[in-house]
Every structure is written in structure tokens, then in C-alpha cells.
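One structure below.
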Amino acid sequence: MTGRLISSVELSGVVEKCVFDTPVLDIHTHLYDTRFGSLLLWGIDELLTYHYLVAEVFRVAPMEYDKFWAMSKQEQADYIWQHLFIERSPISEACRGVLTCMSALGLNVGKRDLNLLRSYFAEQTTSGYIDKVFETANIRGVIMTNDPFDDAERPCWDCEERDPRFKAALRIDALLNNWPAACIRLSEWGFAVNESLDDATCAEVRRFLKTWAKRFDPVYMAASLPPDFCIPENSARGKLVEKCVLPVGEELNLPFAMMIGVKKLINPDLRLAGDGAARSDLQTVEYLCREYPKNKFLLTNLSREDQHTACVVTRKFHNLHLFGCWWFLNNPSIIEDMTRMRFETLGLSITPQHSDARVLDQLVYKWSHSRKIIAKVLTDKYLDITRTGWKVTEDEIARDVKLIFGGAFEEFVGR
């Protein structure tokens with residue numbers, strides 16, 4: 001035992017301070033560093049027009065979809081601000097998040113003056129604002145989402161200068177979820193592939209993955225997957241996973257991150273805001289972890305109803321790491337429930353949260369809100385064991401928080 005013993009009376013304050021003072025590695029975002037130019041989104045108009053709020057505004061102030069999408073971003077932001085912040089109280093988590101960001105930056109949201117907020121962002125530089133957000137949110141690094149099929153992103157990798165705080169993840173949704181289209185692109189790029197996915201084609205797909213892994217130096221490969229994701233399966237996706245993704249993952253020690261449960265575009269008129277969620281069959285995860293023990297897997301599920309089963313499956317396989325409260329689960333009541341269940345089932349061998357931030361500023365609110373919840377749950381867990389006579393020290397609390405804020409993940413992936 002090392003460090004100062006913490007009494008039950010002071011435990012809450014010590015845990016909260018440690019949770020807020022410990023820099024976090026955000027293991028899944030949609031952020032970019034400065035070399036990606038306009039792909040990096042930041043500022044009040046980007047926050048207000050994020051798809052969480054787009055879906056919300058259409059519930060209370062619907063208009064013709066084409067008319068909304070024809071608006072400029074500033075006009076859309078004005079519309080959302082008026083209907084979600086002025087004409088009704090902004091109590092949803094997405095609206096509250098905007099206010100948390102502005103307040104943390106020292107801006108006066110009480111004036112309800114959107115143009116005044118805009119004037120602050122007009123004075124910022126991209127690189128300077130990245131530094132400010134990382135400092136405010138206490139972030140030591142983020143893992144991006146990097147798609148070799150993205151025509152806007154691909155040329156940015158020609159720049160050799162990298163911000164070391166931004167790590168890559170090799171995103172392969174386009175490969176797994178629409179093989180016919182991906183096959184055409186690979187052929188255009190000089191890979192000898194065909195739709196039949198014969199042995200020669202699979203070898204070329206593996207070469208494609210290794211080519212981009214060498215270029216990206218990713219921490220893991222990742223895919224957002226539908227509720228009916230199933231392995232083993234005699235389908236293009238099934239063959240690609242077992243004959244291409246997993247062999248490359250084993251060879252390069254690259255985990256495969258499975259984000260399961262997305263129903264794409266249940267309302268296509270909402271565009272990015274139009275996706276839904278459904279329960280998935282986690283027997284697929286059992287199969288993969290059991291049959292491919294030399295591979296590592298990361299898992300997050302979109303359906304709340306899948307969370308207990310995900311904990312049980314993770315408990316059984318040391319090559320599986322559970323992470324985050326993804327997308328529709330990023331609500332305080334759900335985060336608390338999931339975090340308690342995970343700690344109680346899996347201890348500290350998880351990563352309880354990631355931001356999934358697509359707008360840089362979202363790092364501020366998602367981590368501020370989540371840290372408060374994580375500190376509360378951790379305090380309760382420490383109190384539970386101190387009541388048995390176990391003593392907790394300040395050093396041990398700091399050690400534990402480092403584990404759940406990226407340390408356990410880094411140990412798992414081997415980086």
C-alpha cells in the first residue's frame with residue numbers, strides 16, 4: 001500500500017478531483033488535426049448544426065427537408081437556436097452540451113446572443129483553438145476515424161507533418177458493408193479484385209489493408225456494423241472479415257473495433273441525423289473471440305438492451321475490450337447505469353467512455369458530463385469496499401483513474 005489513506009468522508013472530493021485532473025485518451029472520435037483542413041469541424045455553428053440537434057429541431061419545428069438543407073450553415077444554426085434554445089428551454093443532452101461548451105470557454109450563454117458567441121470563434125485560429133479545447137477538456141490524445149475510401153480525406157495523407165495528439169484508426173465500413181462498390185474502387189486503384197472474393201481477390205484485399213495500415217499507422221481497424229452483423233456467414237462481409245480483416249489484424253497486431261447496432265438512414269431525408277438503432281446478436285462476438293484467440297477485438301453496442309450481454313461476453317474473453325457509451329447511449333442516466341454495470345461486472349478492465357466527437361468542441365461537454373458521472377460511480381464503488389475494512393489510498397485512486405482513462409486500453413492494444 002502506497003500513498004495517503006483516504007477516509008470515507010473525504011473520498012468523494014478526492015475521487016472527483018482525480019477524475020477531473022487526469023488527462024484522458026479519447027479512443028474513438030471523428031476529429032482531425034490541422035492538416036485535414038475543413039474536415040475538422042469546430043465552433044458554435046458546427047455545434048448547433050450537429051445531427052443530434054438537427055433531428056431534435058425537426059420534431060418541434062418541421063419544414064420541408066429540401067428547404068432546410070438548402071439553407072446556409074449559419075441559417076440552419078439560427079433556426080435551431082431559435083426553436084431549441086429560445087422558444088423552449090434547452091434541456092436535452094445535446095442542447096445542454098452546447099451550453100456547457102460555451103460556459104467552459106468563458107462565454108456568457110445567459111445573454112442568449114448567438115452573434116456574440118460567433119464573434120468569439122471568429123477571433124480563433126484552428127491550431128490555437130485545438131490547444132484551447134484540449135486544455136479545457138483535459139485531453140492528452142484522440143483517436144480519429146480515417147477512411148481510405150473518403151475522397152476528401154485521402155489526399156491529406158500526402159502531408160508528412162502530423163500532430164502526435166491525433167492517432168489514426170483504419171475505418172473499413174465501405175469495404176465490409178458495400179463490397180460491390182468497394183470492389184470497383186479497389187480495381188480503380190490497381191488492386192486485382194473481383195466480386196466473387198476468390199483467394200486471389202482476398203489476397204489483394206489484404207494487400208489493400210496493409211498498404212493503408214502502413215500509411216496510417218492506425219491503433220486499430222474499425223467498422224460501424226448493422227444489427228444483423230453475423231459471423232460466420234456465407235456473405236461478402238463474412239468472407240472479408242474472416243479471410244481479410246482478421247488475418248491482417250493478427251499479422252499487424254491491429255485490433256478489430258466492432259461498433260454494432262446501427263440501422264442506416266431509417267429516415268434518409270434527415271441525412272446524418274437519419275440513422276436508428278436496434279438490438280444485435282452477440283453470439284457473433286462470442287464466435288470471433290473464441291475462434292480467433294490470436295486476434296484482439298474492441299466492442300461497443302448501440303442498443304441499450306445489448307449492454308448486459310456485452311458485459312457477460314467480455315467477461316469470458318481476454319481478447320475483447322469493452323468501450324464507451326456510443327451515440328444514442330450518450331445520455332447521463334444511461335451512462336451512469338452502464339458504467340455501474342461494467343465496473344461491477346468487469347472491474348477496471350474497460351474504457352467506460354469515448355466522446356464520438358465529430359465537432360472539436362464536443363470534447364469539452366462530453367468529457368465534462370461523463371467525468372462527473374464516472375466520479376460518482378467510482379466513489380460509490382470505493383465506499384462499498386471500504387465498508388469491508390479495505391483501505392483506499394490517493395495513489396491507488398490515481399492509478400485506477402489512469403487505467404479507465406486510456407491506460408487499460410493502451411495495455412490491451414499493446415501501444
Can you name every residue in the stretch 379-405 that is of a type outside the set (D, E, K, R) and over 22 Å from the mean Cα position of the chain (by Cα)?
T379, Y382, L383, I385, T386, T388, G389, W390, V392, T393, I397, A398
Can you go through A94, A152 and tell me which one is under 23 Å from the mean Cα position of the chain (by Cα) and part of a loop (DSSP other than H, G, I, E, B)?
A152
Out of (1) at pLDDT 95 or above; (2) closer than 30 Å to T284 by Cβ; (3) more than 17 Å from the chain's Cα centre (by Cα); (4) surrounded by fewer than 22 Cβ atoms within 10 Å (Cβ to Cβ), the odd one out for A408 is which?
(3)
Would you pick out the residues in the stretch 388-411 that are in contact (Cβ under 8 Å) with a residue 24 or more places away in the chain and closer than 19 Å to S8 by Cβ?
K391, V392, T393, E394, D395, E396, I397, A398, D400, V401
Please go through (1) of a type outside the set (S, T, N, Q); (2) surrounded by 14 or more Cβ atoms within 10 Å (Cβ to Cβ); (3) farther than 18 Å from R165 by Cβ for A137 and return the number of the only condition it doesn't satisfy.
(3)
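Condition check ((1) in contact with a His (Cβ under 7 Å, 6 or more places away or on another chain); (2) buried (at least 21 other Cβ atoms within 10 Å of the Cβ); (3) of a type in the set (A, V, I, L, M, F, W, C)) across all residues:
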position	(1), (2), (3)
R165	no, no, no
D198	no, no, no
T201	no, yes, no
K210	no, no, no
A213	no, no, yes
M221	no, yes, yes
D228	no, no, no
S235	no, no, no
V241	no, yes, yes
State all residues of the stretch 282-297 that are over 17 Å from G414 (Cβ atoms), surrounded by fewer than 20 Cβ atoms within 10 Å (Cβ to Cβ) and hydroxyl-bearing (S, T, Y); if no residue qualifies, say none.
Y287
Contacts under 8 angstrom Cβ, first residue in the stretch 170-192 being of a type in the set (F, W, Y), partner surrounded by 13 or more Cβ atoms within 10 Å (Cβ to Cβ) and not in a loop (DSSP other than H, G, I, E, B), 6 or more apart:
W179/A236; W179/R237; W179/L240; W189/F208; F191/E204; F191/V205; F191/R207; F191/F208
Residue satisfying all of: in the stretch 331-355; of a type in the set (S, T, N, Q) and in a helix (DSSP H, G or I); farthest from T29 (Cα to Cα) among these
T345
Could you check, for the stretch 41-64, whether at least one of its residues is in contact with a Leu (Cβ under 7 Å, 6 or more places away or on another chain), aliphatic (A, V, I, L, M) and not in a helix (DSSP H, G or I)?
yes
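Right, T379: hydroxyl-bearing (S, T, Y), buried (at least 19 other Cβ atoms within 10 Å of the Cβ) and closer than 24 Å to V14 by Cβ or not?
When the stated conditions are applied, T379 passes them.
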Over the stretch 1-58, the set of residues within 22 Å of T351 (Cα to Cα) and basic (K, R) is K17
For the list (1) more than 28 Å from the chain's Cα centre (by Cα); (2) not in a helix (DSSP H, G or I), I need the number of the one condition that L107 fails.
(1)
In the stretch 172-185, residues that are within 27 Å of the chain's Cα centre (by Cα), buried (at least 19 other Cβ atoms within 10 Å of the Cβ) and under 17 Å from R206 (Cβ atoms) total 5
Suppose we filter the stretch 247-275 for residues that are on the phi < 0 side of the Ramachandran plot, of a type outside the set (V, I, T), touching a residue at least 24 places away in the same chain (Cβ under 8 Å) and touching a strand residue (DSSP E or B) at 6+ places or on another chain (Cβ under 7 Å); how many remain?
8
Filter result (buried (at least 18 other Cβ atoms within 10 Å of the Cβ) and more than 22 Å from T145 (Cα to Cα)) within the stretch 244-281:
S280
Can you give me the number of residues within the stretch 1-31 that are at pLDDT 95 or above and touching a strand residue (DSSP E or B) at 6+ places or on another chain (Cβ under 7 Å)?
8
Identify, please: which residue in the stretch 55-114 is more than 23 Å from W367 (Cα to Cα) and in contact (Cβ under 8 Å) with a residue 60 or more places away in the chain and is, among those, surrounded by the fewest Cβ atoms within 10 Å (Cβ to Cβ)?
W69
It is to be established whether one or more residues within the stretch 356-368 are surrounded by 18 or more Cβ atoms within 10 Å (Cβ to Cβ), at pLDDT 95 or above, of a type in the set (A, V, I, L, M) and part of a loop (DSSP other than H, G, I, E, B).
yes
Checking the condition closer than 24 Å to F216 by Cβ and assigned to a helix (DSSP H, G or I), which residue from I130, I80 passes?
I130
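The values are calculated or read from the model by the stated rules, or taken from the named source; none is laboratory data. None of these values were measured; they are calculated from a predicted model. So basically every Cβ, Gly included, is an ideal-geometry build from the backbone, and we count neighbours across all protein chains shown.
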